[in-house]
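Enquirer: A single structure is presented below for examination.
The values are calculated or read from the model by the stated rules, or taken from the named source; none is laboratory data. Every value quoted in this text rests on a predicted model; they were computed, and no experiment measured them. We place every Cβ from the backbone using ideal geometry, glycine too, and count neighbours over all the protein chains shown.
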Amino acid sequence: MSAHLIRGGRLVDPSQGLDEELDLLLEDGVVARLGAGLEPPPGAAVTDARGLVVTPGLIDVHVHLREPGHEYKETVESGLMAAAAGGFTAVACMPNTEPVNDNRSVTEHVLRQAARHPYARVHPIGAISKGQKGEELAEFGEMVAAGVVAVSDDGWPVKNAHLMRRALEYARHFDLTVIQHAEDLELTGDGVMHEGEWSTRLGLPGIPGAAEDVMVARDLLLAELTGGRYHVAHLSTGHSLELVREARRRGVRVSCEVTPHHLLLSDRAVAEQSFSSHTKMKPPLRSQHDVEALLAGLADGTVDAIASDHAPHHPDEKDVQFSAAPFGIVGLETTVSLCLDRLVHGGVIPLPRLIELLSTGPARVLGLPGGSLAPGQVADVTLLDLERRITVDPTTFRSKGRNTPFAGWTLRGAPAATFLAGRPVTLP
Amino acid sequence: MSEPTWRRKDLLGIAPLSAEEITLVLDTAESFLEIAERPIKKVPTLRGKSVLNLFFEASTRTRSSFELAEKRLSADSLNFSSGSSALVKGESLIDTARNLQAMAPDLLVVRHQHPGVPHLLAERVEAGVINAGDGAHEHPTQALLDALTIRRHKGRIAGLKVAIVGDVAHSRVVRSNVHLLAKLGASVTVAGPRTMMPVAADSLGVTVCYDLEEALEGADVVMMLRAQLERHRRALFPSVRDYFRLFGLSRARLARAQEDVIVMHPGPMNRGVEIASEVADGPGSVILEQVANGVAVRMAVLYLLAAAQGGGE
Ligand SMILES: [Zn+2]
């Protein structure tokens with residue numbers, strides 16, 4: 001038997017509507033008790049959390065761990081260290097590896113690697129279609145048996161409406177959420193940034209917001225037709241958010257995530273950072289109007305989760321001209337500080353809502369363990385220091401990726417520690 | 001009164017320049033125009049300076065114009081074009097920059113098909129960088145030579161009505177010209193097919209119009225853009241015939257402009273597509289003068305950048 005008492009912190013747990021000073025006793029990998037003035041049982045370890053916030057372990061439902069196949073960009077090991085350093089106790093990893101996670105053996109491989117590096121939990125996401133080719137459904141049943149928690153062809157939007165319909169239908173047998181990277185690639189064409197004022201000024205080919213909106217609109221109709229669970233990955237436009245809001249009112253089972261970069265940066269950043277490839281990702285940084293719509297979506301409850309879309313690339317791949325660089329930035333080690341500084345201290349949302357977006361919401365969307373500190377729940381816990389000031393320094397990242405547009409930002413608030421199954425996580 | 005001076009290491013675009021800097025380049029170019037009239041068209045101004053012309057994208061005209069300008073200033077130039085050994089396919093731009101830096105050039109003239117490449121090189125090399133066209137972003141020396149041409153004909157730029165017509169979305173010439181003309185006080189109308197207009201064209205501070213005749217009304221200057229219909233794999237325009245019907249400049253249409261209108265084109269022209277021969281070779285056409293002015297403007301830019309580095313004669 002193992003026990004750990006986290007004492008004296010401000011406990012914020014949106015799943016129970018708690019925001020007060022409470023002690024938290026973890027025993028045998030689960031939450032044992034919550035209460036004021038708890039005494040440690042004999043032999044229990046004690047963490048003094050005075051001045052810190054205690055929350056259910058944070059969960060990032062959209063990361064790319066790159067293994068197998070692209071270990072030069074990231075490995076399960078480096079990705080999980082980055083997760084722990086960033087305050088996360090669990091991540092859901094996308095299947096666009098090499099080979100693609102479209103079958104049981106790849107899922108098992110990822111989970112085996114994760115078990116060797118227990119810095120955070122890994123929840124693999126399986127492919128919707130074999131090879132992410134958008135032609136035939138992958139074996140959801142086999143993958144679920146191996147541990148997959150959702151399906152997505154992230155990076156390769158499901159273009160074929162019939163296949164999407166069948167995926168939503170078939171996924172219901174396993175109560176799986178179907179996650180879509182919503183983008184009409186014909187509308188994207190050779191686009192590399194948001195189509196708007198700044199693409200006009202910079203002469204870069206644009207990706208219209210409609211490239212996302214048309215696919216979200218179609219998918220919502222298909223989700224309604226099938227009764228399937230549909231989740232919009234990295235939703236980036238005001239129109240898509242409005243479509244989600246409206247579909248939910250009709251009873252469609254839809255959820256959505258947004259990324260910190262789409263909340264905090266607009267397409268202007270491409271010009272401000274003088275064509276830096278660290279401002280290039282998909283979906284692209286959108287207009288200020290979209291940014292404001294997403295912020296409103298956080299506040300009014302439309303958005304279910306904040307996810308980083310952590311997409312590490314090798315520095316050699318990113319240190320090229322804008323048009324030639326791959327899409328994507330890292331996020332595991334910046335998300336918490338960005339959100340605490342800009343969203344909570346910045347007055348956009350209160351702290352409990354942020355914890356909902358980073359823990360309770362993600363757990364609910366994918367049906368994952370955690371997201372709550374109610375007795376009996378897994379003892380995954382994150383401690384936050386709301387006042388610590390940090391400066392984003394990519395050279396200190398645990399991730400192999402250094403590709404972030406936030407380098408040099410000074411932020412107030414940072415993760416302080418994580419606990420996994422009741423034990424403090426320590427990084428080598 | 002203090003003389004205006006040039007302090008920039010690079011010329012990456014018109015957008016960052018002040019009206020005073022633009023005027024300085026134009027005035028300097030005027031003085032170089034005079035050299036072209038001499039029997040021996042060469043001055044020792046840049047003797048001992050080395051200039052690398054890096055053309056990742058083919059452009060015979062712009063490259064020749066820069067080369068001629070460099071020769072007339074007695075600079076040592078070296079040409080690298082796509083396909084030559086120095087610009088190896090697959091080598092990263094950063095490695096190319098490091099290699100170039102090792103040659104310790106004084107100036108780099110860069111043409112690339114993608115926006116931002118001259119900016120990236122400028123960050124990584126000590127040499128001054130001149131943007132000779134980056135994708136659909138900027139082509140500052142083209143805008144400067146256009147301005148010089150306009151000024152020599154009209155005596156001013158402020159208050160003129162300028163119409164720029166054609167494939168606005170894919171034109172670097174438009175962006176540089178729009179910035180320059182706005183800074184010097186002209187009013188600019190851009191016109192073209194809706195499929196070739198950037199979504200936020202009005203944010204450039206111009207009047208946007210989709211009708212050629214409306215755009216020509218009362219214009220002092222008309223700039224036609226090259227319609228690269230063949231380059232667009234994505235359906236932007238059904239045919240050359242339809243293009244000329246809507247946006248081709250004929251003499252009849254030009255009659256809507258001012259009587260002393262001048263007609264410009266950055267070249268190379270597609271006769272019968274965006275411009276009829278009767279206009280291209282007609283009385284208001286200043287297209288060949290643009291070419292001559294291009295050499296003088298490029299001499300001015302090379303001279304000012306080299307002088308800013310110190311050691312210029
Ligand atoms: Zn994606």
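Enquirer: Identify the residue in region A:278-308 that is more than 16 Å from the ligand (Cβ to nearest atom) and outside any helix (DSSP H, G or I) and, among all such residues, is surrounded by the fewest Cβ atoms within 10 Å (Cβ to Cβ).
Expert: Ranking the qualifying residues of region A:278-308, first place goes to A:300.
Enquirer: Something else now. When residues of region A:250-289 are filtered for being among the charged types (D, E, K, R) and within 14 Å of chain B (Cβ to nearest Cβ), how many remain?
Expert: Kept after step one, since they are among the charged types (D, E, K, R), are these residues of region A:250-289: A:250, A:253, A:257, A:267-268, A:272, A:280, A:282, A:286.
Still in the list and also within 14 Å of chain B (Cβ to nearest Cβ): A:267-268, A:272, A:280, A:286.
Number satisfying all stated conditions: 5.
Enquirer: May I ask you to list pairs of residues, at least six apart or on different chains, whose Cβ atoms are under 8 Å apart, with the first in region A:228-241 being within 14 Å of residue A:367 (Cα to Cα) and the second being within 11 Å of the ligand (Cβ to nearest atom)?
Expert: Between residues of region A:228-241 that are within 14 Å of residue A:367 (Cα to Cα) and residues that are within 11 Å of the ligand (Cβ to nearest atom), the close pairs are A:230/A:180; A:231/A:179; A:231/A:180; A:231/A:257.
Enquirer: If residue A:376 passes every condition in (1) closer than 27 Å to residue A:22 by Cα; (2) of a type in the set (Gly, Ala, Ser); (3) within 14 Å of another protein chain (Cβ to nearest Cβ) but one, which one does it miss?
Expert: Failing condition for residue A:376: (3).
Enquirer: Among the residues of region A:103-142, which ones are crowded, with 20+ Cβ neighbours inside 10 Å and under 18 Å from residue A:180 (Cα atoms)?
Expert: Hits for region A:103-142 are A:123, A:124, A:125, A:126, A:127, A:128, A:129, A:132, A:138, A:140.
Enquirer: Restricting region A:250-277 to residues that are over 20 Å from residue A:60 (Cα atoms) and charged (D, E, K, R), which is surrounded by the fewest Cβ atoms within 10 Å (Cβ to Cβ)? It would help to see each step written out before you state the result.
Expert: The first filter runs over region A:250-277 and keeps only residues over 20 Å from residue A:60 (Cα atoms), leaving A:250-253, A:266-277.
Restricting the remaining residues to those that are charged (D, E, K, R) gives A:250, A:253, A:267-268, A:272.
Working: A:250: 9, A:253: 17, A:267: 27, A:268: 18, A:272: 13.
Applying the filter and picking the extreme gives A:250.
Enquirer: Here's something else I'd like to know. Mind checking whether some residue in region A:15-31 is out of contact with any Phe, Trp or Tyr (no Cβ under 8 Å at 6 or more places or on another chain), modelled with pLDDT of 95 or more and part of a helix (DSSP H, G or I)? Steps first, please.
Expert: We begin by selecting, within region A:15-31, every residue out of contact with any Phe, Trp or Tyr (no Cβ under 8 Å at 6 or more places or on another chain); these are A:15-25, A:27-31.
From what's left, modelled with pLDDT of 95 or more: A:15-25, A:27-31.
Going one step further and asking which of them are part of a helix (DSSP H, G or I), we end up with A:15-16.
So far as region A:15-31 goes, yes, one or more of its residues are out of contact with any Phe, Trp or Tyr (no Cβ under 8 Å at 6 or more places or on another chain), modelled with pLDDT of 95 or more and part of a helix (DSSP H, G or I).
Enquirer: Out of the residues in region A:309-323 meeting the condition of being in contact with a Ser or Thr (Cβ under 6 Å, 6 or more places away or on another chain) and either more than 15 Å from residue A:276 (Cβ to Cβ) or of a type outside the set (A, V, I, L, M, F, W, C) (or both), tell me which one is farthest from the ligand (Cβ to nearest atom).
Expert: Residues of region A:309-323 that are in contact with a Ser or Thr (Cβ under 6 Å, 6 or more places away or on another chain), as a first pass: A:309, A:312, A:318, A:320, A:322.
Subset that is either more than 15 Å from residue A:276 (Cβ to Cβ) or of a type outside the set (A, V, I, L, M, F, W, C) (or both): A:309, A:312, A:318.
Details: A:309: 6, A:312: 14, A:318: 17 Å.
Ranking the qualifying residues of region A:309-323, first place goes to A:318.
Enquirer: Could you pull out every one of the strands (runs of 3 or more DSSP E) wholly within region A:121-238 that has 2 or more residues that are of a type in the set (Val, Ile, Thr), within 16 Å of residue A:255 (Cα to Cα) and in contact with a Leu (Cβ under 9 Å, 6 or more places away or on another chain)?
Expert: On the way: elements: A:121-126, A:150-152, A:177-180, A:229-232.
Qualifying strands (runs of 3 or more DSSP E): A:177-180.
Enquirer: Across region A:206-224, what is the number of residues that are touching a Ser or Thr at 6+ places or on another chain (Cβ under 7 Å) and either surrounded by 24 or more Cβ atoms within 10 Å (Cβ to Cβ) or not acidic (Asp, Glu) (or both)?
Expert: To start, the set of residues in region A:206-224 that are touching a Ser or Thr at 6+ places or on another chain (Cβ under 7 Å) comprises A:206-207, A:209, A:211-213, A:216.
Now drop any that are not either surrounded by 24 or more Cβ atoms within 10 Å (Cβ to Cβ) or not acidic (Asp, Glu) (or both), which leaves A:206-207, A:209, A:211-212, A:216.
Adding up the residues that qualify gives 6.
Enquirer: For region A:44-69, give me each residue that is within 16 Å of the ligand (Cβ to nearest atom), among the charged types (D, E, K, R) and part of a strand (DSSP E or B). Working first, answer last.
Expert: Residues of region A:44-69 within 16 Å of the ligand (Cβ to nearest atom): A:60-66.
Within this subset, residues satisfying the condition of being among the charged types (D, E, K, R) are A:60, A:66.
Answer for region A:44-69, where residues must be within 16 Å of the ligand (Cβ to nearest atom), among the charged types (D, E, K, R) and part of a strand (DSSP E or B): just A:60.
Enquirer: Where residues in region A:175-198 are within 14 Å of another protein chain (Cβ to nearest Cβ) and either out of contact with any helix residue (DSSP H, G or I) (no Cβ under 7 Å at 6 or more places or on another chain) or at positive phi (or both), which of them is nearest to the ligand (Cβ to nearest atom)?
Expert: That would be A:185.
Enquirer: Of everything in region A:145-162, what is crowded, with 19+ Cβ neighbours inside 10 Å and more than 15 Å from the ligand (Cβ to nearest atom)? Give them in sequence order.
Expert: The initial filter retains those residues of region A:145-162 that are crowded, with 19+ Cβ neighbours inside 10 Å, namely A:146, A:148-154, A:156-158.
If the condition is that a residue be crowded, with 19+ Cβ neighbours inside 10 Å and more than 15 Å from the ligand (Cβ to nearest atom), then A:146, A:148, A:149 are the ones that fit.
Enquirer: Moving to a separate point now. Out of region B:90-129, which residues are among the small types (Gly, Ala, Ser), surrounded by fewer than 21 Cβ atoms within 10 Å (Cβ to Cβ) and at the interface with chain A (Cβ under 10 Å from one of its Cβ atoms)?
Expert: B:92
Enquirer: Looking at region A:113-144, which of its residues are within 14 Å of the ligand (Cβ to nearest atom) and closer than 21 Å to residue A:312 by Cβ? Reasoning before the result, please.
Expert: Of all residues in region A:113-144, those within 14 Å of the ligand (Cβ to nearest atom) come to A:125, A:127-128, A:132.
Matches in region A:113-144: A:125, A:127, A:132.
Enquirer: Of everything in region A:231-244 that's away from the ligand (no atom under 15 Å from the Cβ) and not small (Gly, Ala, Ser), which residue is surrounded by the fewest Cβ atoms within 10 Å (Cβ to Cβ)?
Expert: First, pick out the residues of region A:231-244 that are away from the ligand (no atom under 15 Å from the Cβ): A:238-239, A:241-244.
Imposing the further condition that a residue be not small (Gly, Ala, Ser) reduces the set to A:239, A:241-244.
Working: A:239: 17, A:241: 24, A:242: 15, A:243: 26, A:244: 24.
Among those that are away from the ligand (no atom under 15 Å from the Cβ) and not small (Gly, Ala, Ser), it is A:242.
Enquirer: Next up: Among helices (runs of 4 or more DSSP H) lying entirely in region B:240-313, which contain 1 or more residues that are within 18 Å of residue B:109 (Cβ to Cβ) and small (Gly, Ala, Ser)?
Expert: B:287-308
This table checks each residue for (1) away from every other protein chain (no Cβ under 13 Å); (2) crowded, with 24+ Cβ neighbours inside 10 Å; (3) at pLDDT below 95.
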| site | (1), (2), (3) |
| --- | --- |
| B:164 | yes, yes, no |
| B:167 | no, yes, yes |
| B:178 | no, yes, no |
| B:189 | yes, no, no |
| B:194 | yes, no, yes |
| B:209 | yes, no, no |
| B:218 | yes, no, no |
| B:222 | yes, yes, no |
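Enquirer: Condition first: hydrophobic (A, V, I, L, M, F, W, C), touching a residue at least 40 places away in the same chain (Cβ under 8 Å) and within 12 Å of chain B (Cβ to nearest Cβ). Now tell me which residues in region A:199-215 satisfy that.
Expert: A:202, A:204, A:207
Enquirer: Looking at (1) buried (at least 24 other Cβ atoms within 10 Å of the Cβ); (2) more than 14 Å from every other protein chain (Cβ to nearest Cβ); (3) farther than 20 Å from residue A:291 by Cα, which is the only condition residue A:172 fails?
Expert: (1)
Enquirer: Do the conditions hold for residue B:57, that is, is it assigned to a loop (DSSP other than H, G, I, E, B), within 14 Å of another protein chain (Cβ to nearest Cβ) and among the charged types (D, E, K, R)? Full working, then the answer.
Expert: Working: assigned to a loop (DSSP other than H, G, I, E, B): yes; within 14 Å of another protein chain (Cβ to nearest Cβ): yes; among the charged types (D, E, K, R): yes.
Spelling it out, residue B:57 is indeed assigned to a loop (DSSP other than H, G, I, E, B), within 14 Å of another protein chain (Cβ to nearest Cβ) and among the charged types (D, E, K, R).
Enquirer: Please work out which one of (1) more than 22 Å from residue A:51 (Cα to Cα); (2) touching a residue at least 12 places away in the same chain (Cβ under 8 Å) is the condition residue A:381 fails and give its number.
Expert: (1)
Enquirer: Looking only at region A:279-316, how many residues end up being touching a residue at least 60 places away in the same chain (Cβ under 8 Å) and not small (Gly, Ala, Ser)?
Expert: Residues flagged as touching a residue at least 60 places away in the same chain (Cβ under 8 Å) and not small (Gly, Ala, Ser) within region A:279-316 amount to 17.
Enquirer: Residue under question is residue A:268, and the condition is that it be within 30 Å of residue A:171 (Cβ to Cβ) and either away from the ligand (no atom under 16 Å from the Cβ) or out of contact with any strand residue (DSSP E or B) (no Cβ under 7 Å at 6 or more places or on another chain) (or both); does it hold? Write out each step before concluding.
Expert: Values: within 30 Å of residue A:171 (Cβ to Cβ): no; either away from the ligand (no atom under 16 Å from the Cβ) or out of contact with any strand residue (DSSP E or B) (no Cβ under 7 Å at 6 or more places or on another chain) (or both): yes.
Here the answer is no, as residue A:268 does not meet what is asked.
Enquirer: Next question, about the same structure. Every residue in region A:401-418 that is under 12 Å from residue A:83 (Cα atoms) and not small (Gly, Ala, Ser), please.
Expert: Of the residues in region A:401-418, the ones under 12 Å from residue A:83 (Cα atoms) are A:415, A:417-418.
A:415, A:418 - these are the residues of region A:401-418 that are under 12 Å from residue A:83 (Cα atoms) and not small (Gly, Ala, Ser).
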